[in-house]
Amino acid sequence: MDNKYVVITGAYGGLGKALAELYAKQNFGLVLMGRKEKELEALKESIQTDIPIHTVVCDVSDWESCKAAYKAVQLKKIAVHTLINNAGITYIQNFNKDYQIDRYQQLIDTNLNGPVYLTHLFLDDLLQHKGSVITLSSVIGYAPVIGRTAYAASKFGLEGFFSVLRAEVADNLHVMMVYPTFIATQIRAQVKGDKTVNEVLTPEEVAQTTFKAHQNKQNKVYIGKTAKLSFYLYKFFPNLYVNLMRKKVNQPT
Ligand SMILES: NC(=O)c1ccc[n+]([C@@H]2O[C@H](COP(=O)([O-])OP(=O)(O)OC[C@H]3O[C@@H](n4cnc5c(N)ncnc54)[C@H](OP(=O)(O)O)[C@@H]3O)[C@@H](O)[C@H]2O)c1
């Protein structure tokens, strides 16, 4: 039987690895994408499975690298049903004189432009198989958190982009956004202290909930109590949300 393949970007990161392991268990063929070949190969070796696993080097922030990665996947003649736009970075800094525009640019290139590039390249494959494009957003994709202007610009940008794409492709492509609260991964290495966090999810539970929502063809999945509470609080009581968030979140400098 032909395998259904899922492409996962940022595959050897915290959530990427959990997604790769879970989708392999569920008999999806894998295309693991990331910037470092050695880490991709180590991840491939660590996954205990008989299903095919391919590794492809890709810097999602770079259009040329995305095109080369897509070509490499095409040469493998495999059926890509699902693209998971998982790779992402953060930059925590108030918007003041110390704000570094090059870090802002790198973040937008990675978190916003990367998913647009790869979705564009894989679109025909995904449409042909009536597949899914799944994109990692965050609570900061719908509610503000201080110190995260760049991250919010990227995740709110993804929201706009994929909501229009969903309307355009209607029944032929499943477009899903994932909004987890904090996950215990390396991306959090930047966060000082623990005042911000009263709920931290494991990558495995985020991967499980994402997979289930994918199978149910949900458009959106909010993962964790904080994600759900923030959604309703900011929608119906935006001033209260902002006051509470300002007290709760560490004040970046
Ligand atoms: N952790 C959280 O609290 C949290 C909460 C909500 C949403 N999310 C979202 O979840 C996703 C996964 O994050 P994570 O928590 O698993 O973080 P992570 O452990 O830091 O993993 C991020 C992965 O993205 C890769 N990456 C970064 N820049 C890249 C680029 N230009 N091209 C290709 N790969 C690149 C990293 O690889 P390198 O080693 O090559 O940099 C790494 O493998 C992100 O989109 C993030 O915004 C995370």
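The values are calculated or read from the model by the stated rules, or taken from the named source; none is laboratory data. In this text the structure is predicted, and so the values were computed from the model without any measurement. Cβ coordinates were reconstructed from backbone atoms using ideal geometry, including for glycine residues, and neighbour counts include every protein chain displayed. To get the accessible areas, we keep the full protein, side chains included, count just its heavy atoms, and leave off ligands, DNA and RNA. Shrake-Rupley method; radii C 1.70, N 1.55, O 1.52, S 1.80 Å.
The gain in end-to-end length when the Ala79 to Gln218 segment is fully stretched comes to 47.8 nm, 0.36 nm per residue minus the alpha carbon separation.
Shape of the range 1-76 from the C-alpha gyration tensor: oblate (a/c of 1.5 or more and a/b not above b/c, with a ≥ b ≥ c the square roots of its eigenvalues).
Here the chain has 53 percent of its accessible surface on carbon and sulfur atoms, given a 1.4 Å probe and all protein chains in place. Here is what passes the span test in the chain: the DSSP H helices with alpha carbon length of 27 Å or more along the helix axis and a Kyte-Doolittle mean of 0.5 or above are 149-169. Can you pull the Rg over Rh of the chain, Cα-only, Kirkwood? Over the Cα atoms of the chain, Rg/Rh equals 0.96. On a full-extension model of 0.36 nm per residue, what is the gain between Ala42 and Lys97, subtracting their alpha-carbon distance, rounded to one decimal in nm? Taking 0.36 nm per residue and subtracting the Cα distance, the gain is 15.7 nm. D by Stokes-Einstein for the range 136-253, Kirkwood Rh over Cα pairs, 20 °C, 1.002 mPa s: 141 µm²/s. Annotation: average projected area of the range 137-179 is 2.8 square nanometres, based on the convex hull of Cα atoms across all directions. Which of rounded, prolate, oblate describes the range 109-203, given a ≥ b ≥ c as roots of the alpha-carbon gyration tensor eigenvalues and a/c under 1.5 marking rounded, otherwise prolate only if a/b is larger than b/c? It is prolate, given that a/c is not under 1.5 and a/b is the larger ratio. Take the Cβ atoms of Gln105 and Asp50, set R0 to 51 Å, and the FRET efficiency comes out at 0.75. Using 10 Å bins from zero, what percent of all Cα-Cα pairs in the range 93-136 falls into each bin? With a bin width of 10 Å, the distribution comes to 24, 36, 21, 14, 5.
Amide H contacts for Lys220 (H built 1.01 Å from N in the peptide plane; partners 5 or more residues away or on another chain; cut-off under 5 Å): Met177.
Taking R0 as 35 Å, what's the FRET efficiency between Asp171 and Gln251 from their Cβ-Cβ distance, rounded to 0.05? In this case the efficiency is close to 0.15.
Annotation: per residue accessible area for the range 5-248 equals 49 Å², rounded to a whole number [probe 1.4 Å, protein chains only]. Peptide packing: for 240-252, 171-183, the average count of neighbouring Cβ atoms within 10 Å per residue gives the ranking 171-183, 240-252, highest mean first. Protection proxy ranking, highest mean first, for peptides 47-54, 232-239, 103-110: 103-110, 47-54, 232-239, where packing is the per-residue count of other beta-carbon atoms within 10 Å, averaged. For the pair Lys228 and Ser163, label points projected 7 Å from Cα toward Cβ lie 2.2 nm apart. Projected onto its three principal axes, the C-alpha set of the range 1-139 covers 58, 31, 28 Å, listed from the longest axis down.
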